[in-house]
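*Asks:* What follows is a structure written as structure tokens; I'll ask about it next.
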Amino acid sequence: MSQTSSTPRDPYDVLGVQRDASEQDVKKAFRRLARELHPDVNAHDPGAEEKFKEAAEAYEILSDPERRATYDRYGHEGLRSGGYAPNFDGFGSIGDLFDAFFGGGSPFGGRAAGPAAGGDAAVAVAVDLLQAARGATVEVSFEAVERCEHCRGNGAEPGTPIETCSRCGGAGQLQSVTRTPFGQMVRTVTCEECHGDGRVPSQPCRDCRGRGRRAVKRTLSVDVPAGISDGQRIRLSGRGHAGEAGAPDGDLYVLVRVREDRRFVREGDDLITALDVPAPLAAVGATLQAPTLEGTAAVEIPPGTQPGEVITLRGQGMPALRRGRQGDLRVVVNVVIPRRLTAEQRELLVRLNETLTEENMRLEESVFARLRRALRSQAA
Ligand SMILES: [Zn+2]
Ligand SMILES: [Zn+2]
């Protein structure tokens, strides 16, 4: 847990339970929160991991009757002076935290008997707008749980026997009996000793200490398709954390961030750019160069172009991610009124103004109508 948070929050508040909540309520509340903060759902929320840690810490306090009683009487101060410290610092990612609390795989429901499937991994990657337009191959690096090569994932030091689990007799599961007012409830749970395998190594692998898996840094090339938008995720099936021997591997989710481009604003598949046009040229008309993704393109400015008018270059926007129409480039005319005039320039303009008639100044659309239209398109 980060040491920056001066006062930890009340664990009851964090989990959203009453002070007299039962052990079952506490567990339910934590599971619900954990599900909300799962990286599958929340890869875009950088605060999710911190929130999960906070929830996990609250759960750790409230799920232990002794710790809970200490907290109830003396608060966080009492827990600390009693030697308790939250211990989530060693976990690299939110995925590892889930592994720690839910025994690998998904936090949804209990673990089925048998070897556990690998958890999903998440990683973020940033591309610039041109890469997003053309598509790109980018490298991503992330921590992944991989099968241990030394023991090939079975957890035994090579050459040593693997024996039937003495705890469960090789079944991989145990019956858990709970007494309730309605009688005994029998539940089947995965054997902790062999993790559902039914067999345990007589001498655990020296590389992975018998776990059969270990964390490594993995680097992958990811194809980012042309037309991708900021915040979209690419799923690479089977490229997440390795499952236990005999179980499938998890998936890798790549969150794609598209860097902002100073020249363009993106609206769906359309791009919007601004083009400075000197006021005299806006009046007489001109051909100017506007920025495009690939370079520049000629833009015809008709005589009498007004500030804020939009000239559309068809098909010069972003490609459509799936089949469909290529986006447009919308060039917004920014009429620039000259400043810091010389005496001669000033005189020319004054003389020009004296020649202007009502016919020169009449607009097809009033300024107010145009303003209203601009506001509407902004709101849309
Ligand atoms: Zn090993
Ligand atoms: Zn067992």
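*Asks:* Which order, highest average first, do 307-317, 232-242 follow once you tally other Cβ atoms within 10 Å for each residue and take the mean per peptide? It would help to have the intermediate numbers written out before the result.
*Replies:* On the way: 307-317: 15.7, 232-242: 17.7.
So the order, starting with the most tightly packed, is 232-242, 307-317.
*Asks:* Counting only residues 5 or more places away or on other chains, whose amide H sits under 5 Å from the amide H of A116 once H atoms are built in the peptide plane?
*Replies:* The list, which skips near neighbours in sequence, is E244.
*Asks:* Now a separate question. At a Cα cut-off below 20 Å, give the lysines reachable from K27, other chains included and same-chain residues fewer than 8 away excluded.
*Replies:* K51, K53
*Asks:* Indicate the gyration tensor shape class of region 245-332 (rounded, prolate or oblate), computed on the Cα atoms with a ≥ b ≥ c the square roots of the eigenvalues: a/c under 1.5 is rounded; otherwise a/b larger than b/c is prolate and the rest oblate.
*Replies:* prolate
*Asks:* Taking the chain, how much of its Cα-Cα pair set, in percent, is spaced more than 41 angstrom apart?
*Replies:* 43 percent
*Asks:* Determine, from the Cβ-Cβ distance of K27 and V310 and an R0 of 41 Å, the FRET efficiency 1/(1 + (r/R0)^6), rounded to the nearest 0.05.
*Replies:* The computed FRET efficiency comes out at 0.10.
*Asks:* For the chain, what does the helix formula give at 222 nm: sum of -39500 (n - 2.57) over DSSP H segments with n ≥ 4, over the residue count, nearest 500 deg cm²/dmol? All intermediate terms of the calculation are to be shown ahead of the outcome.
*Replies:* Working: 11 runs with 106 residues, N = 380.
Calculated at 222 nm, the ellipticity per residue is -8000 deg cm²/dmol.
*Asks:* Taking the Cα centre as origin and putting +1 on Lys and Arg beta-carbons and -1 on Asp and Glu beta-carbons, what dipole magnitude results for the chain, to the nearest 20 debye? Before the final figure, lay out the partial values.
*Replies:* Numbers: 50 positive and 54 negative charges, 99 e Å.
With only Lys, Arg, Asp and Glu charged at Cβ, the dipole is about 480 debye.
*Asks:* If you plug each phi of region 190-207 into the Karplus form 6.51 cos²θ - 1.76 cosθ + 1.60 with θ = phi - 60°, what whole-Hz ³J(HN,Hα) values come out, in order, with x for Gly and Pro?
*Replies:* Each residue of region 190-207 in turn: 5, 5, 6, 5, 10, 6, x, 7, x, 10, 10, x, 6, 9, x, 3, 6, 6 Hz.
*Asks:* Among V145, V177, S202, which residue has its Cα furthest toward the positive end of the charge dipole of region 139-242, with +1 on Lys/Arg Cβ and -1 on Asp/Glu Cβ?
*Replies:* V177
*Asks:* Further, regarding this structure: Can you give me the % of accessible surface on the chain that is carbon or sulfur? Probe 1.4 Å, all protein chains present, nothing else counted. Write out the running numbers ahead of the final one.
*Replies:* On the way: 11360 of 23410 Å².
It is 49 percent, rounded to a whole number.
*Asks:* If we sort 20-27, 169-176, 286-293 on the protection proxy, mean other Cβ atoms within 10 Å, highest first, what's the order?
*Replies:* 286-293, 169-176, 20-27
*Asks:* Now, a different point. For a paramagnetic label modelled at 7 Å from the Cα of E193 toward its Cβ, which residues of region 144-180 fall within the zone defined by backbone nitrogen distances under 16 Å?
*Replies:* Of the residues in region 144-180, 162-176 have backbone N under 16 Å from the label point off E193.
*Asks:* Name the residue from T160, V254, A274 whose Cα lies farthest towards the positive end of the charge dipole of the chain, charges +1 on Cβ of Lys and Arg and -1 on Cβ of Asp and Glu.
*Replies:* Of the candidates, T160 comes out farthest on the positive side.
*Asks:* Now, a different point. Just to be sure I understand the model, the point goes 7 Å from the Cα along the line to the Cβ. What's the resulting E66 to Q203 distance in nm?
*Replies:* The answer from the label model is 3.7 nm.
*Asks:* Non-local amide H neighbours of V299 (under 5 Å, H modeled in plane, Pro and chain starts lacking H): which ones?
*Replies:* Correct list: L288, Q289, A290.
*Asks:* Skip the ligands, DNA and RNA, and give the accessible area per residue of the chain with a 1.4 Å probe, whole Å². Working shown, then result.
*Replies:* Working: 23410 Å² over 380 residues.
Accessible area per residue, the chain: 62 Å².
The values are calculated or read from the model by the stated rules, or taken from the named source; none is laboratory data. Note that the structure is predicted; figures quoted are calculated from it, not measured. Glycine gets a Cβ as well: all are built from the backbone with ideal geometry, and neighbour counts include every protein chain shown. When the accessible area is computed, the model is the full protein with side chains, heavy atoms only, and any ligands, DNA or RNA have been set aside. Shrake-Rupley method; radii C 1.70, N 1.55, O 1.52, S 1.80 Å.
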